[in-house]
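The values are calculated or read from the model by the stated rules, or taken from the named source; none is laboratory data. In this text, all values refer to a predicted model and were calculated from it rather than measured experimentally. As a convention, Cβ positions derive from the backbone with ideal geometry for all residues, glycine included, and neighbour counts pool all protein chains shown. The protein model used for the area step is the full one, side chains on, heavy atoms only, and it has no ligands, DNA or RNA in it. Shrake-Rupley method; radii C 1.70, N 1.55, O 1.52, S 1.80 Å.
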Amino acid sequence: MMRSTKLARLLPALALIGLLAACQTLGTDRLIASAAPSEMPQPVTEAIAADLVEQFGKDIGPASGTIVLPTDGSPFRAALEASLRAKGYAIGAGGEGRAVPLAFVVDRSDGEVMARLSTTTLDLTRTYRETATGAEPSSPVSVNRRDRGEG
């Protein structure tokens, strides 16, 4: 009985991830085109960005190179940059040293938020439940590693 309850809670998140993955287009550097809703509350964007950067650090550390973020001006991009800087990542245009292009997609629906960070070698995806003080994970982190040549 408990197993079916967990499955019932996981199915909407998986459906959201599947729908989002199906409609993604590739931007520059063979990454998904970054997008995030502008109306998302600041505590939600900050909580999600902090959690994703924590997960990102498990695979790609601050010494990996200069993180190159899209210049979309969204609140999520600002929260992501602040979280990356707080963890010691260099942010820039990638002119010096090794550039690590980082794209993101955030989609919001019915109090659930699906967020994805992508590099040329890694995708991190997780769903979150919005709370009064921010957001908390509602799924495990999905990690997809790929060779540089794959797309």
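A few points about this structure:
- Flag if ALA13 is open to solvent by less than 40 Å² (accessible area, probe 1.4 Å), at pLDDT below 85, among the small types (Gly, Ala, Ser) and part of a helix (DSSP H, G or I): yes
- Considering region 108-140, and only residues there that are β-branched (Val, Ile, Thr) and closer than 21 Å to ILE67 by Cα, the residue that is modelled with the highest pLDDT turns out to be THR125.
- Options ARG126, ARG116, ARG77: the member that is outside any strand (DSSP E or B) and either open to solvent by 40 Å² or more (accessible area, probe 1.4 Å) or of a type in the set (Lys, Arg) (or both): ARG77
- For the criterion of being assigned to a helix (DSSP H, G or I), modelled with pLDDT under 95 and either under 18 Å from SER38 (Cα atoms) or of a type in the set (Gly, Ala, Ser) (or both), ALA63 passes.
- When GLU112, GLU46 are checked against the criterion of being farther than 22 Å from VAL143 by Cβ and in contact (Cβ under 8 Å) with a residue 40 or more places away in the chain, a single residue qualifies: GLU46.
- Filtered by the rule that a residue be of a type outside the set (Val, Ile, Thr), open to solvent by 50 Å² or more (accessible area, probe 1.4 Å) and not in a strand (DSSP E or B), region 129-143 gives ALA132, PRO140.
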